[in-house]
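The values are calculated or read from the model by the stated rules, or taken from the named source; none is laboratory data. Since this is a predicted model, take the numbers as computed values, not measurements. Note: ideal-geometry Cβ built from the backbone for every residue, glycine included; neighbour counts use all protein chains shown. SASA here: full protein model, heavy atoms, side chains in, ligands and nucleic acids out. Shrake-Rupley method; radii C 1.70, N 1.55, O 1.52, S 1.80 Å.
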Amino acid sequence: MKRAAGLLLLVVLLALWEAGARAFALSALVLPPPSAVVASLWKGLASGYFWPHLRATGVELLLGLAVGCGFGFGAGVLLAELPALRRILMPYVVVSQVVPKLALMPLFVVWFGFGLTSTVVITALICFFPLMENTLTGLAQVPPERLELFRLLGASRRQTLLRLKLPTGLPSILAGLRIAVVLALVGAVVGEFIGASQGLGALIIAAQGSMDTPLMFAVLVLVSLLGLAAYQATLLLERRLLRPYQP
Amino acid sequence: MKRAAGLLLLVVLLALWEAGARAFALSALVLPPPSAVVASLWKGLASGYFWPHLRATGVELLLGLAVGCGFGFGAGVLLAELPALRRILMPYVVVSQVVPKLALMPLFVVWFGFGLTSTVVITALICFFPLMENTLTGLAQVPPERLELFRLLGASRRQTLLRLKLPTGLPSILAGLRIAVVLALVGAVVGEFIGASQGLGALIIAAQGSMDTPLMFAVLVLVSLLGLAAYQATLLLERRLLRPYQP
Amino acid sequence: QQRDRLVVAGWSKPITEVTPLLVDEEKGFYRSQGVALEYVPGAGGGDAIRNILSGQADVAFTDPGSLFAALDKGEKLRAIYDIYPQNVFNVVSLKKSGIRGPADLKGKRIGVYSLASGTRQNLQLLLHQVGLTESDVTIVVTGLLNFAPLLQGQVDATAATDTGLLVGRRRGLGEVEVIEVGQFLNVSSDLFVVREETLRARKDVLRRFVRAYRDAAAWMLAQPQEAATVAARRAIDGSDPALNLEVIRLRNAASVSDLTKRQGLGAMDVASLQRAADVYRQLGLVKQRLDMAQVVATDLLPGH
Amino acid sequence: MSFLRFESVGFAYPGHGPVVQGVDLSLATGEVHCLVGRSGCGKTSLLKLAAGLLAPTQGRVLLEGVPSPGGTPLGFVFQAPTLLDWLSVNDNVLLPASLQRRPGAQDRAACAALLSQLGLTAYADRYPRQLSGGQQSRTALARALLLQPHLLLLDEPFASLDAITREELQRDLLRLARSRGTTVLFVTHDIGEAVFLGDRVSVLAGGCLVRTFAIEGDARVRDSGAFGAACARVREALGMQEVPA
Amino acid sequence: MSFLRFESVGFAYPGHGPVVQGVDLSLATGEVHCLVGRSGCGKTSLLKLAAGLLAPTQGRVLLEGVPSPGGTPLGFVFQAPTLLDWLSVNDNVLLPASLQRRPGAQDRAACAALLSQLGLTAYADRYPRQLSGGQQSRTALARALLLQPHLLLLDEPFASLDAITREELQRDLLRLARSRGTTVLFVTHDIGEAVFLGDRVSVLAGGCLVRTFAIEGDARVRDSGAFGAACARVREALGMQEVPA
Ligand SMILES: Nc1ncnc2c1ncn2[C@@H]1O[C@H](COP(=O)(O)OP(=O)(O)OP(=O)(O)O)[C@@H](O)[C@H]1O
Ligand SMILES: Nc1ncnc2c1ncn2[C@@H]1O[C@H](COP(=O)(O)OP(=O)(O)OP(=O)(O)O)[C@@H](O)[C@H]1O
Ligand SMILES: Cc1ncc(C[n+]2csc(CCO)c2C)c(N)n1
Ligand SMILES: [Mg+2]
Ligand SMILES: [Mg+2]
């Protein structure tokens, strides 16, 4: 039922878009009709034109996500356990986040070279932050009685972290992961805007350069599908991990 | 003490950067030494060149943050209260997030016109998501006994939301806000890359155009300071709001 | 056979416009000169120069504006080849707007790709020719899809390039008025630029590269059909060979001038560059007086 | 008409076997009814069925003639004190009022009176985490009493209180229920408490009501023989052999 | 040497007045010591001081001669059952073992034995939220007993249990403590329970130890006169006038 409602909404939206594009006789430059986008999408997929780019972005997304989430989670744990460090390092973390990566891309290219590495670094940098913040917050949400329990049981710091704080903070950490997954894809695509000759981001810029808006929207559809798949995978992971929480 | 350690770290980092820039005889076009950046910063501030841009970005940041957080919070509440809606709308939300705003900016300009509106829309779109996700997660963390209590007390849905779920989810929501604040600034600056001729983002691009890398870094310093100020303000707000939680 | 690795930093992704740099696999222009060519992308001429300054690349495919700016900052750079002697920039307006010449731009809203782009610099050049400055118009940053706001009436005119106008027309731009900047100041659009140090240390490889590029450009001039087909395979935006062909025709047209007809492809027009540099200085885009004779290195080209 | 009525009520948590089976019980208005039974026999579940927090899977629960939860104002004390961490004791107690209106002077006076009666006046401005276990239970009790509900559902409200406080509160509760005609369903593990408080005492076992005893007025005096005898009967119904001195 | 020793211990929560004052007490190895006192008098705080969860602001607490917490393995039952929501009953009980090693067959056997003794065998795979209040308390008790600690600190462990279970467990606890020489500090509100269990019973009031009674062996039999007399003495020390039948 819900699935049907969702599908219906999609069809209605697309129909409105198509009708709008026709009614206002909008130039494809301003807003291409969905039919043109679908045609372009189909062509790109059938001819195999999209696949290498989709693969490139997919690989960057996965690598960047792995690195970024690894560091984000690690930093969250570290700063949660060492509050003194938090006051010292947090400004640097904030700066690393607010500085537009697009502006720093030339520097990344100098440091990390062209292609995969730079894009992965950008992706990692972008998705690092939400996971860190949410880990930080999640780990702090342990009720004091349980901390006392673990102290009494002689649990080491590590055990308290792994077996108490982490399970308690899990919902919050997973919310961070959902944000991170979405941001990581944006990071990968934006990284490709500048530093790459392959990938969906590069394709978007190329399509803009040749003012092929149907192609650009087709690529955006691919990006969206990739994003939806990644998000859905996160939800599945979440459902598995949170199972004992909803008996 | 911590403040001193932080300051020391900053000085050491800057010294390393200066030494590195000199040792490798890097071109100032690639990585300007901090001295050049400081000189450029000082010049821009003293001559008043930066102020209108700083103001423009600040205004966009505040407006975008207000709109984005408003919608993000609202959507989080709505989707938390109506899980059916969540399954239907979430894909659209994800798509709105993974589609790079930079690619859509030209179309935003067509839809929303140049200048403030477009940038505010982008900013809002970007900072909307983390707040939504964290609100969604935070509101779901209420222990069932307390929900039962509120049911027994005949609390309306609205009251249960405002007086139980919200206070319970507050730490999580505030973590979302911290992420949102940081992303909003990125959004504002990136929005200015294309849609504006004023603001720190426009300044960054202009500096890139004239290959004035020290100026670009000076602007990045301004962006960082703005980001730190905004983040600090969020922390203060958080400290106030969470006071009853740490008696 | 041992080949020398040489990296070219472009201002764009590997698009049809730079087909001569993308066809080594098929045509072997560079291989036969003992050069192993690589291409690194960029977003603008500034990126290309930054990439050679940082050692990521050896040769920059960049516009004179970026070259001037870098020279102005004290970088030691040399221009070794004139890729497009013709100025390809223009300002496009709808017929009904009544803009016929640069003077009509006064008080109008004019779109540029970005504040860092050649469209803006060339717009400034054009305005300068009729005694206007940027402050007499409203500059609007539109991004690459710059004809959309023109069609929607959010700008009165938009600065573009010849290929931009071409694809715009194909996408249904309709009847427009075009002011070509080249009519007023026909300065080169793109050059190969290297660091002085590279020129000294790798002169021989550079010479072979220039020779190879020239062969590739000549091939593109002679065989536009074939070039369009190869570009369909190599260029990221080349999926439509018919469009490729038109783009290639435009680039071919920009690659030749009276001077190149006399001295061969790539010949540098020092006087024209000097004029441009002087105008850039008058516009305040560069601070120092640049002596282009010192910057141009002609001795890599055959016949010198 | 009975005030609260279970009509062959059965209940099972989803995915588990039945925990309440065929319970028929009715409480007259103003009756104090005590429920005893072994741990896990379904007392809390029965209380939640009465409150409408659980919906019976069989039969029905009627409160003043309508299926629970109807509009009857009721006070509930959970087995574990369920206080809101971010509210002071005062605000926790005032919660039921503040969900209906801006708490007025009258509410504040009622709150202060309850706090004083429960020995919490000095703790009115503390947060729950700063209280001892018994102080938390008392706060929860005060909250349930604030609005003078017609029905009180109490789940071992005095379990973590010392004997003195406990006996004082038993007397206070009885006085209050009698004077206001409040109907009370009271879960306890203390048989003496059940006999002292209850007009009737029901024994629950394995989800079934096995016996209901009416307690005569003279069994109300703790050192009377009737009290001991009533206790002994309840103990026996619970399956306890040994009898106290 | 005494096993657990309070030496003029005082304690105050930061920003509040003292809640434990000048407490001198020592428990011999294998002693079962009960602590009674009115709600809020400082029993839980004293227990936490013994466990080293709170550090005394005055005096010191010695466990086997060293300041608490030393290395003495101890079992603690909190006043509210503090179980981990995401672990099954089994895993909650095994927690102390699994924090030290991979729980082996022996641990699993000990866990199963405890669960069976506490009547929880059928609930071993449930999560805490699926248990009744008393079942949760028993799980917490099983957890405290799993590793056979030398010291047991129990904060009203039987408060939410029915009389039968309670008396069974009292006997079990006593047997266990005697056979293993476990030292027990036991907080309760039930005076009968204190007298039945304790070698000595201490009365706490306003943070001070006001009296300590030694309970003679013959007072251990619940229906003996000595039992009643001992209870009466404790009640009196608590300030209760009335005596039960
Ligand atoms: N975290 C805290 N901060 C401040 N005061 C506290 C805190 N915890 C307890 N108290 C106070 O200390 C006193 C003793 O508390 P404690 O928990 O030791 O009492 P108790 O004897 O265990 O009472 P009960 O029988 O009600 O559990 C109480 O008055 C209580 O209000
Ligand atoms: N959420 C739940 N899901 C499944 N089973 C449950 C749930 N809550 C309680 N139970 C089971 O239902 C039975 C009755 O529980 P209930 O809480 O009513 O017992 P009780 O009589 O209040 O016991 P106690 O005196 O220990 O509080 C118990 O066996 C318990 O394990
Ligand atoms: C034929 C040709 N067309 C467009 C450009 C684009 N462009 C011109 S200048 C500039 C950036 C200046 O910093 C860019 C991107 C070019 N170089 N050559
Ligand atoms: Mg119960
Ligand atoms: Mg206590």
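On the basis of being open to solvent by less than 10 Å² (accessible area, probe 1.4 Å), of a type in the set (Gly, Ala, Ser) and in contact with a Gly (Cβ under 7 Å, 6 or more places away or on another chain), does C:Gly143 make the cut?
No; evaluated as a whole, the condition is false for this residue.
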E:Thr44 being in the same structural domain as E:Ser202 (by the TED database) and either of a type in the set (A, V, I, L, M) or more than 14 Å from ligand 5 (Cβ to nearest atom) (or both): no
The range E:113-140 residues that are free of Cβ contacts under 8 Å to residues at least 12 places away in the same chain and among the polar types (S, T, N, Q), paired with ones that are more than 7 Å from ligand 2 (Cβ to nearest atom) and open to solvent by 50 Å² or more (accessible area, probe 1.4 Å) (beta carbon under 9 Å, 6 or more apart): E:Thr121/E:Ala112; E:Gln130/A:Pro247
Tally of residues being of a type in the set (A, V, I, L, M, F, W, C) and buried (at least 24 other Cβ atoms within 10 Å of the Cβ) across the range B:155-176: 2
From the options D:Gly75, D:Gly37, residue that is away from ligand 5 (no atom under 16 Å from the Cβ), crowded, with 20+ Cβ neighbours inside 10 Å and within 11 Å of chain E (Cβ to nearest Cβ): D:Gly37
Odd one out for D:Ser137 among (1) within 9 Å of chain E (Cβ to nearest Cβ); (2) small (Gly, Ala, Ser); (3) out of contact with any Gly (no Cβ under 8 Å at 6 or more places or on another chain); (4) open to solvent by less than 10 Å² (accessible area, probe 1.4 Å): (4)
Matching residues in the range B:50-102 - criterion: being of a type in the set (Gly, Ala, Ser), more than 27 Å from B:Ser197 (Cα to Cα), more than 13 Å from every other protein chain (Cβ to nearest Cβ) and open to solvent by less than 30 Å² (accessible area, probe 1.4 Å): B:Ala75
Failed condition for E:Thr139, given (1) in contact with a Cys (Cβ under 7 Å, 6 or more places away or on another chain); (2) β-branched (Val, Ile, Thr); (3) assigned by the TED database to the domain that holds E:Gly119: (1)
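Please state which one of C:Leu144, C:Leu185, C:Leu151, C:Leu199 is away from ligand 4 (no atom under 16 Å from the Cβ) and touching a Pro at 6+ places or on another chain (Cβ under 9 Å). Spell out the reasoning first.
Working: C:Leu185 fails: touching a Pro at 6+ places or on another chain (Cβ under 9 Å); C:Leu151 fails: touching a Pro at 6+ places or on another chain (Cβ under 9 Å); C:Leu199 fails: touching a Pro at 6+ places or on another chain (Cβ under 9 Å).
Going through C:Leu144, C:Leu185, C:Leu151, C:Leu199 in turn, just one is away from ligand 4 (no atom under 16 Å from the Cβ) and touching a Pro at 6+ places or on another chain (Cβ under 9 Å): C:Leu144.
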Checklist (1) in contact (Cβ under 8 Å) with a residue 24 or more places away in the chain; (2) in contact with a Pro (Cβ under 9 Å, 6 or more places away or on another chain); (3) within 14 Å of chain B (Cβ to nearest Cβ) applied to C:Ala79, failing item: (3)
Flag for B:Gln198 being within 14 Å of chain C (Cβ to nearest Cβ), assigned to a helix (DSSP H, G or I), within 30 Å of C:Gly143 (Cβ to Cβ) and open to solvent by 30 Å² or more (accessible area, probe 1.4 Å): no
Residue check for A:Ala39: among the small types (Gly, Ala, Ser) and over 23 Å from A:Ala230 (Cβ atoms): yes
Verdict on C:Val155 being outside any helix (DSSP H, G or I), surrounded by 24 or more Cβ atoms within 10 Å (Cβ to Cβ) and either facing chain B (nearest Cβ under 9 Å) or away from ligand 1 (no atom under 16 Å from the Cβ) (or both): yes
Positions within the range A:15-30 being open to solvent by 30 Å² or more (accessible area, probe 1.4 Å) and within 12 Å of another protein chain (Cβ to nearest Cβ), in sequence order: A:Phe24, A:Ala25, A:Leu26, A:Ala28
Single condition E:Gly65 does not satisfy, out of (1) surrounded by fewer than 20 Cβ atoms within 10 Å (Cβ to Cβ); (2) over 27 Å from D:Thr165 (Cα atoms); (3) in contact with a strand residue (DSSP E or B) (Cβ under 7 Å, 6 or more places away or on another chain): (3)
Test: residue in the range D:119-128 that is under 30 Å from D:Gly217 (Cβ atoms) and modelled with pLDDT under 90: yes
Residue count, the range D:88-105 (criterion: closer than 18 Å to B:Lys165 by Cα, facing chain B (nearest Cβ under 10 Å) and in a helix (DSSP H, G or I)): 4
Any hit, the range B:182-190, residues being in contact (Cβ under 8 Å) with a residue 60 or more places away in the chain and either open to solvent by 20 Å² or more (accessible area, probe 1.4 Å) or hydroxyl-bearing (Ser, Thr, Tyr) (or both): yes
Within the range E:166-193, tally of residues that are in contact with a Leu (Cβ under 8 Å, 6 or more places away or on another chain) and either of a type in the set (Val, Ile, Thr) or within 16 Å of ligand 1 (Cβ to nearest atom) (or both): 9
Every residue from the range D:78-105 that is open to solvent by less than 50 Å² (accessible area, probe 1.4 Å), out of contact with any Cys (no Cβ under 7 Å at 6 or more places or on another chain) and of a type in the set (A, V, I, L, M): D:Leu83, D:Leu84, D:Leu87, D:Val89, D:Leu95, D:Ala97, D:Leu99
Qualifying residue in the range D:18-34 (condition: within 15 Å of ligand 2 (Cβ to nearest atom), under 14 Å from the mean Cα position of the chain (by Cα) and at pLDDT 90 or above): yes
Qualifying positions in the range E:106-132 - open to solvent by 20 Å² or more (accessible area, probe 1.4 Å) and either within 20 Å of the chain's Cα centre (by Cα) or more than 12 Å from ligand 2 (Cβ to nearest atom) (or both): E:Gln106, E:Arg108, E:Ala109, E:Ala110, E:Ala112, E:Ala113, E:Ser116, E:Gln117, E:Gly119, E:Thr121
Test: residue in the range C:64-86 that is under 25 Å from B:Leu29 (Cα atoms), polar (S, T, N, Q) and outside any helix (DSSP H, G or I): no
Matching entry among E:Leu83, E:Leu99 (being over 30 Å from E:Ala237 (Cβ atoms) and within 16 Å of ligand 2 (Cβ to nearest atom)): E:Leu83
Index of the failed condition, D:Leu161 passing every other in (1) more than 14 Å from ligand 4 (Cβ to nearest atom); (2) within 12 Å of another protein chain (Cβ to nearest Cβ); (3) over 24 Å from E:Ala237 (Cβ atoms): (3)
Test result for D:Leu161, surrounded by 23 or more Cβ atoms within 10 Å (Cβ to Cβ) and hydrophobic (A, V, I, L, M, F, W, C): yes
Residues that are open to solvent by 20 Å² or more (accessible area, probe 1.4 Å), within 14 Å of chain A (Cβ to nearest Cβ) and in contact with an Asp or Glu (Cβ under 9 Å, 6 or more places away or on another chain), drawn from the range C:235-265: C:Asp237, C:Ser239, C:Asp240, C:Leu250
